[in-house]
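Trainee: Below is a structure I'd like to ask you about.
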Amino acid sequence: MGHKEHYDEHGHWFLYQQDIPVTLHPQIFSPAYWQSQGALIGGAKGRGTTVFIRPKATEEWALRHYRRGGMIGRLLTDQFVYTGLNKTRAWQEFHLLEYMRDQGLPVPEPVAAHVCRSGCYYQADLITRLIPDSQDLHKVLCERPLSENEWRKTGQIIARLHRHQVYHHDLNIRNLMLDARGTIWIIDFDKCRRRAGNNWKKENLDRLHRSLKKSAENQSNWYWQEADFETLLEAYSDPHR
């Protein structure tokens, strides 16, 4: 379908799919607006604040406001230095998602991005379509073990991501989703990018491994064992995957 850009002369830039089913306006990036419309249906916490909305009966979206982490986040909670529109986090994530979907990778579909510039700083938001009937793997593993086939699928999809040289900044068990059809999805591509070389790929896998071990230490119900990660690695390394 393709995307378009629009500037409203009040410091607001929009990047959006041509078939977006709502009127483009800064308020569609405000959780308060959707709450006033009775369309707020849930939320999740991460590096940004994400809310789930239903703008139409047939549409469900995730709306994320970009926020800073770490020490600097205490001073500039949601403000970033502006060095060009294409370098903003919202624009970069939108375009990366488009690229990955063009390659057939199971990642969320971008709907719209928003950047509001004020002087040297900007604030940003991103809307993606929710993955229907899905749960993150952390939640699944709190309820049941994954099958060997599900672990193999997880290794295979990470391998596909890496074959396209996509570096995931925060590849952890909460950023992997399983839907009702058994498809493994990867989410949250803030600060991710295409990256040359191969050395970083093991670091990605190590980060995922650490998240599994950390959950094993902190969760009373955690259906995971080291052999599961070995199965994932075997599938990741299989030349016939």
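Coordinate-derived values only; no laboratory data. All figures in this text were calculated on a predicted structure; none of them were measured in a lab. We place every Cβ from the backbone using ideal geometry, glycine too, and count neighbours over all the protein chains shown.
Trainee: Expected output is a single nm value to one decimal: the length gained when fully extending between Thr23 and Lys56, i.e. 0.36 nm times separation in residues minus the C-alpha distance. What is it?
Mentor: Working: separation 33, 0.36 × 33 = 11.88 nm, distance 1.21 nm.
Extra length from Thr23 to Lys56 when fully extended: 10.7 nm.
Trainee: If you don't mind, another one. Before anything else, pin down the relative contact order of the chain: Cα pairs under 8 Å, at least 6 apart, normalised by residue count, whole percent.
Mentor: Numbers: 395 pairs, mean separation 40.4, N = 241.
Averaging sequence separation for qualifying contacts and normalising by length gives 17 percent for the chain.
Trainee: Moving to a separate point now. Kindly express, to the nearest 10 degrees and within the range 0 to 90, the angle between helix 199-218's C-alpha long axis and the longest C-alpha principal axis of the chain.
Mentor: Taking Cα atoms only, the helix is inclined about 80 degrees.
Trainee: In the Gaussian network model of the chain, springs joining C-alpha atoms below 10 Å, which of Arg144, Arg64, Arg152 carries the largest mean-square fluctuation?
Mentor: Result for the chain, Cα springs under 10 Å: Arg144 fluctuates most.
Trainee: Mind checking which lysines have their Cα closer than 27 Å to the Cα of Lys56? Skip sequence neighbours fewer than 8 apart in that chain.
Mentor: Lys4, Lys45
Trainee: Moving on. Roughly what angle does helix 148-163 make with the longest principal axis of the chain, taking Cα atoms, 0 to 90 degrees, to the nearest 10?
Mentor: So the inclination is approximately 50 degrees.
Trainee: Still on this structure: For the residue pair Ser220 and Glu148, what label-to-label distance in nm results when each label sits 7 Å from Cα along the Cα-to-beta-carbon direction?
Mentor: 3.2
Trainee: What translational D, rounded to a whole number of µm²/s, comes out for the range 17-57 from Stokes-Einstein when the hydrodynamic radius is the Kirkwood one over Cα pairs, at 10 °C and 1.306 mPa s? Mind dumping the intermediate values first?
Mentor: Values: Rh = 11.2 Å.
This corresponds to a translational diffusion coefficient of 142 µm²/s.
Trainee: With an 8 Å Cα cut-off and a minimum separation of 6 or more residues, compute the relative contact order for the range 134-237 in percent. Mind showing how you got there, number by number?
Mentor: Working: 135 pairs, mean separation 44.3, N = 104.
After rounding, I find 43 percent.
Trainee: Over the range 3-129, calculate the relative contact order: mean separation of alpha carbon pairs under 8 Å at least 6 apart, over the residue count, as a percent.
Mentor: Numbers: 219 pairs, mean separation 33.0, N = 127.
So the answer I get is 26 percent.
Trainee: Can you give me the convex hull volume of the Cα atoms of the chain, divided per residue and expressed in Å³? Kindly include the intermediate steps, with their values, before the conclusion.
Mentor: Working: hull volume 36.2 nm³, N = 241.
Measuring per residue, one finds 150 Å³ for the Cα hull of the chain.
Trainee: Related question: For the chain, what is the mean residue ellipticity at 222 nm derived from helices alone (per DSSP H run of n ≥ 4: -39500 (n - 2.57); sum divided by total residues; nearest 500 deg cm²/dmol)? Spell out each step's value before the answer.
Mentor: Working: 6 runs with 75 residues, N = 241.
Estimated from H runs of four or more residues: -10000 deg cm²/dmol.
Trainee: Bin width 5 Å, origin at 0, all Cα-Cα pairs of the range 3-129: what percent of pairs per bin?
Mentor: 2, 10, 20, 23, 22, 14, 6, 1, 0
Trainee: Please determine, in degrees from 0 to 90 and to the nearest 10, the orientation of helix 89-102 with respect to the longest principal axis defined by the Cα atoms of the chain, where the helix direction is its Cα long axis.
Mentor: Taking Cα atoms only, the helix is inclined about 50 degrees.
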